[in-house]
Amino acid sequence: QIYCRLLLWCLGVKTTVAGGPIRNLPGVLVVSDHMSWLDILTIGAALPSTRWRASPLSFVARADVAASGAVRMMARIVKVIPIERARLRQLPEVVATVAARLYAGHTVVAFPEGTTWCGLSGRSHQGAGPFYPAMFQAAVDTGRPVQPLRLRYQHRDGTTSTVPAYIGDDTLLRSIGRLMVARRTVAKIYVESLQLPGNDRRELARRCQAAIRVTPAPRPDHGPRPSVL
């Protein structure tokens, strides 16, 4: 948590948490919409720390990003579970790893969209992808709850920011450069209701997607329209 907060401070990113409290429970699957590599730092800085777990927090992240030199140390610190999107045959093994860590009482963060989007979803849900059910199987198998988080990035004036967006042919260095030159980026985490796993991973995925997407993120006023880089 300290490491994530320090990196966010260096990048000029301020984090706020709204909605219900993030419960300090063992073995919780945390899911969020996905816009950037910055999402890992933002969520890592906001989740409560624990005293009784040797490895309290893990993230499911793309193997190619986790293996790159620029983020390799960060990947080790946040204990990344690597996943290769092009090798779906390995997906059951990744889900089994997530289930094992949930069973051991660890918190695991996954991004069920499977890729990053620009973050301009809003009411129309454009710029956002569906929640794939695979990772939710780990919660069903272990009977552990799921915590949906709604993540939004804003400029200082409250308008939507796409500065952290990491999509297409973007590079990590270019993305970091945009954050460094931006005067201030505010990362807002809205904590939605904790979801019980049930017996159907698809239904669980639909519930978590609805919790994150249906309720629009509050805005400070109705004047300025979202700005797009």
Query raised in the report: If packing is taken as the mean number of other Cβ atoms within 10 Å per residue, what is the order of 192-198, 16-22, highest first?
Result: 192-198, 16-22
Query raised in the report: If amide H atoms are built 1.01 Å from N in the plane of the peptide, which residues on other chains or at least 5 residues away come under 5 Å of the amide H of T15?
Result: A187
Query raised in the report: Between E93 and R5, what FRET efficiency comes out of the Förster formula 1/(1 + (r/R0)^6) with R0 = 30 Å and r the beta carbon distance, rounded to 0.05?
Result: 0.40
Requested in this report: Give the long-range amide H neighbours of E84: residues separated by 5 or more places, or on another chain, with amide H under 5 Å away, using H modelled in the peptide plane at 1.01 Å from N.
Outcome: A63
Query raised in the report: Can you list the HN-Hα couplings for the stretch 99-106, worked out from phi with the Karplus curve (6.51, -1.76, 1.60; θ = phi - 60°), rounded to whole Hz and with x for Gly and Pro?
Result: 4, 5, 6, 4, 4, 7, x, 7
Query raised in the report: Can you put T15, T162 in order of accessible area, largest first, using a 1.4 Å probe?
Result: T15, T162
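The values are calculated or read from the model by the stated rules, or taken from the named source; none is laboratory data. Note that this is a predicted model, so its numbers are computed, not measured. Quick reminder, even Gly has a Cβ in these numbers, built from the backbone with ideal geometry, and neighbours come from all protein chains shown. Ligands, DNA and RNA are excluded from the accessible area calculation, which covers all protein heavy atoms including side chains. Shrake-Rupley method; radii C 1.70, N 1.55, O 1.52, S 1.80 Å.
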